[in-house]
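Asker: Once you've had a glance at the structure underneath, I'll fire off some questions.
The values are calculated or read from the model by the stated rules, or taken from the named source; none is laboratory data. Nothing here was measured: the structure is a model prediction, and the numbers come from that model. Here the Cβ is made from the backbone with ideal geometry for all residues, glycine too, and neighbour counts use every protein chain on show.
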Amino acid sequence: MITCVFVSALDFKNMQNILVTGGAGFIGSHLVEKLLKEEVWNVVALDNFNDFYAPEIKRENIHSFLENPRFSLAEIDICDAKNLEKIFAENKFDAIVHLAARAGVRPSLEQPKLYAETNINGTLNLLELAKKFNVKQFVFGSSSSVYGINSKIPFSEEDKIWQTISPYAATKAAGEHLCYTYSHLYDIRTVCLRFFTVYGARQRPDLAIHKFSNLIWKEKPIPVFGDGATRRDYTFIDDIIQGVRAAIDYDKADFEVFNLGESQTVELKYLIELIEKNIGKRAIIDQRKMQPGDVPITFADISKAKELLNYNPITKIEEGIEKFTEWFKKTVD
């Protein structure tokens with residue numbers, strides 16, 4: 001584990017201090033960018049830069065922030081409780097947005113203990129420190145995967161989440177339960193956000209839209225699991241950040257769960273067609289069997305987020321894929 005810490009106390013007057021774990025990642029770096037633009041936040045981004053994908057990608061994500069005096073970087077693992085506590089002791093945080101996690105359904109089948117250690121124990125470490133240092137706003141990045149093979153669509157926050165079918169999904173459900181427990185016991189407002197297949201600039205290279213775009217661009221086969229009829233509720237990064245930002249300010253209840261999606265489903269075949277159109281090349285399909293842990297559909301009921309967070313996603317898949325491929329073409333080798 002990385003234990004090197006580079007972080008300094010941020011003490012600008014009339015500012016609020018916020019910790020963003022996973023702050024160099026896809027969603028995290030976009031949130032940090034948003035908060036710095038508001039000019040009312042001192043932001044500590046925490047990331048361990050592990051090798052799940054190339055660390056230099058994440059370092060590039062935050063490169064433009066490094067000279068900002070309201071930005072500080074803590075290079076540390078959330079499982080490193082000792083160094084985590086040092087960060088909390090040096091910075092009086094008003095809020096925490098916890099996005100750091102071992103991500104991905106399929107890898108979690110191969111390394112379930114690693115996923116449990118990071119996603120459950122790491123989350124517990126942060127909640128314990130929020131309790132100790134009296135941090136009253138805790139936003140947790142959960143996942144639509146907690147719904148598992150839920151037969152009812154669209155998925156509602158009121159649905160039971162006992163049908164998870166991957167260790168990753170189970171760890172996210174456990175994280176939500178920990179958030180409720182600490183909210184109930186220690187008066188920490190916790191807001192759990194179930195993200196539905198987020199995409200956009202800086203998306204992780206292992207995720208479908210980025211992976212497909214790269215393979216189509218290089219004229220290599222793309223792996224398609226099943227018959228291409230699976231459907232996902234793809235959510236553009238700008239819309240997700242709108243929801244996360246609203247959750248930081250949410251104060252109507254001590255514990256809440258929200259779906260953040262576009263509330264529209266897109267068939268895999270159509271997604272590939274859109275990528276082909278915007279990349280300007282045809283896909284070579286490598287047809288494979290459905291994989292364990294994969295769900296046939298994700299579909300968000302976002303009525304609760306609309307009512308309580310004023311969440312209003314506006315990016316349709318056609319526009320979002322066009323924006324993504326514009327970014328992709330500027331960065332591809």
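Results for (1) closer than 30 Å to residue 182 by Cα; (2) out of contact with any Asp or Glu (no Cβ under 6 Å at 6 or more places or on another chain); (3) in contact (Cβ under 8 Å) with a residue 60 or more places away in the chain, shown as yes or no for each residue.
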| residue | (1), (2), (3) |
| --- | --- |
| 244 | yes, yes, yes |
| 256 | yes, yes, yes |
| 260 | yes, yes, yes |
| 270 | no, yes, no |
| 280 | no, yes, no |
| 286 | no, yes, yes |
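Asker: Follow-up. Check the range 230-243 and report whether any residue there is farther than 21 Å from residue 175 by Cβ, buried (at least 20 other Cβ atoms within 10 Å of the Cβ), touching a helix residue (DSSP H, G or I) at 6+ places or on another chain (Cβ under 6 Å) and of a type outside the set (A, V, I, L, M, F, W, C).
Answerer: The answer is yes, given that some residue of the range 230-243 is farther than 21 Å from residue 175 by Cβ, buried (at least 20 other Cβ atoms within 10 Å of the Cβ), touching a helix residue (DSSP H, G or I) at 6+ places or on another chain (Cβ under 6 Å) and of a type outside the set (A, V, I, L, M, F, W, C).
Asker: Please enumerate the residues belonging to the range 91-113 that are hydrophobic (A, V, I, L, M, F, W, C) and over 18 Å from the mean Cα position of the chain (by Cα).
Answerer: 93, 109
Asker: When only residues in the range 257-296 that are aliphatic (A, V, I, L, M) and in a loop (DSSP other than H, G, I, E, B) count, which is nearest to the chain's Cα centre (by Cα)?
Answerer: The residue in question is 295.
Asker: Still on this structure, I have one more. Scan the range 205-226 and give yes if some residue there is outside any helix (DSSP H, G or I), modelled with pLDDT of 95 or more and either surrounded by 20 or more Cβ atoms within 10 Å (Cβ to Cβ) or of a type in the set (Phe, Trp, Tyr) (or both), otherwise no.
Answerer: no
Conditions tested, residue by residue: (1) closer than 15 Å to residue 21 by Cβ; (2) modelled with pLDDT of 95 or more; (3) among the hydrophobic types (A, V, I, L, M, F, W, C).
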| site | (1), (2), (3) |
| --- | --- |
| 96 | yes, yes, yes |
| 111 | no, yes, no |
| 126 | yes, yes, yes |
| 130 | yes, yes, yes |
| 134 | no, yes, no |
| 141 | yes, yes, no |
| 161 | no, no, yes |
| 169 | no, yes, yes |
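Asker: In the range 308-333, what count of residues is obtained for those that are outside any loop (DSSP other than H, G, I, E, B) and either without any contact (Cβ under 8 Å) to a residue 24 or more places away in the chain or charged (D, E, K, R) (or both)?
Answerer: Residues that pass the stated criteria total 8.
Asker: Go through the residues of the range 170-181 one by one and say whether even a single one is out of contact with any Pro (no Cβ under 6 Å at 6 or more places or on another chain), assigned to a loop (DSSP other than H, G, I, E, B) and not aliphatic (A, V, I, L, M).
Answerer: Within the range 170-181 (the criterion being out of contact with any Pro (no Cβ under 6 Å at 6 or more places or on another chain), assigned to a loop (DSSP other than H, G, I, E, B) and not aliphatic (A, V, I, L, M)), the answer is no, since none of the residues qualifies.
The rows are residues; the columns are (1) closer than 20 Å to residue 104 by Cα; (2) at pLDDT 95 or above.
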{"site": "13", "(1), (2)": "no, no"}
{"site": "22", "(1), (2)": "yes, yes"}
{"site": "30", "(1), (2)": "yes, yes"}
{"site": "39", "(1), (2)": "no, no"}
{"site": "52", "(1), (2)": "yes, no"}
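Asker: Identify, from the list 253, 305, 201, the residue that is outside any loop (DSSP other than H, G, I, E, B) and modelled with pLDDT of 95 or more.
Answerer: Among 253, 305, 201, only 305 is outside any loop (DSSP other than H, G, I, E, B) and modelled with pLDDT of 95 or more.
Asker: State all residues of the range 182-198 that are more than 13 Å from residue 145 (Cα to Cα) and not in a strand (DSSP E or B); if no residue qualifies, say none.
Answerer: Within the range 182-198, 182, 183, 184, 185, 186, 187, 188 qualify.
Asker: Does residue 46 satisfy the criteria of being touching a residue at least 60 places away in the same chain (Cβ under 8 Å), surrounded by 22 or more Cβ atoms within 10 Å (Cβ to Cβ) and under 17 Å from the mean Cα position of the chain (by Cα)?
Answerer: When the stated conditions are applied, residue 46 does not pass them.
Asker: Return a yes/no flag: does the range 286-295 have any residue that is modelled with pLDDT of 95 or more, touching a Phe, Trp or Tyr at 6+ places or on another chain (Cβ under 8 Å), polar (S, T, N, Q) and surrounded by fewer than 19 Cβ atoms within 10 Å (Cβ to Cβ).
Answerer: No, the range 286-295 contains no residue that is modelled with pLDDT of 95 or more, touching a Phe, Trp or Tyr at 6+ places or on another chain (Cβ under 8 Å), polar (S, T, N, Q) and surrounded by fewer than 19 Cβ atoms within 10 Å (Cβ to Cβ).
Asker: For the range 124-169, which residues satisfy the criterion of being over 19 Å from the mean Cα position of the chain (by Cα) and not in a loop (DSSP other than H, G, I, E, B)?
Answerer: Selection gives 128, 129, 130, 131, 132.
Asker: Still on this structure, I have one more. Cβ-Cβ under 7 Å, sequence separation 6+ or interchain: first residue in the range 183-194 and closer than 15 Å to residue 140 by Cα, partner β-branched (Val, Ile, Thr) and assigned to a helix (DSSP H, G or I). Which pairs?
Answerer: Going by the 7 Å Cβ cut-off, the qualifying pairs are 193/244; 194/146.
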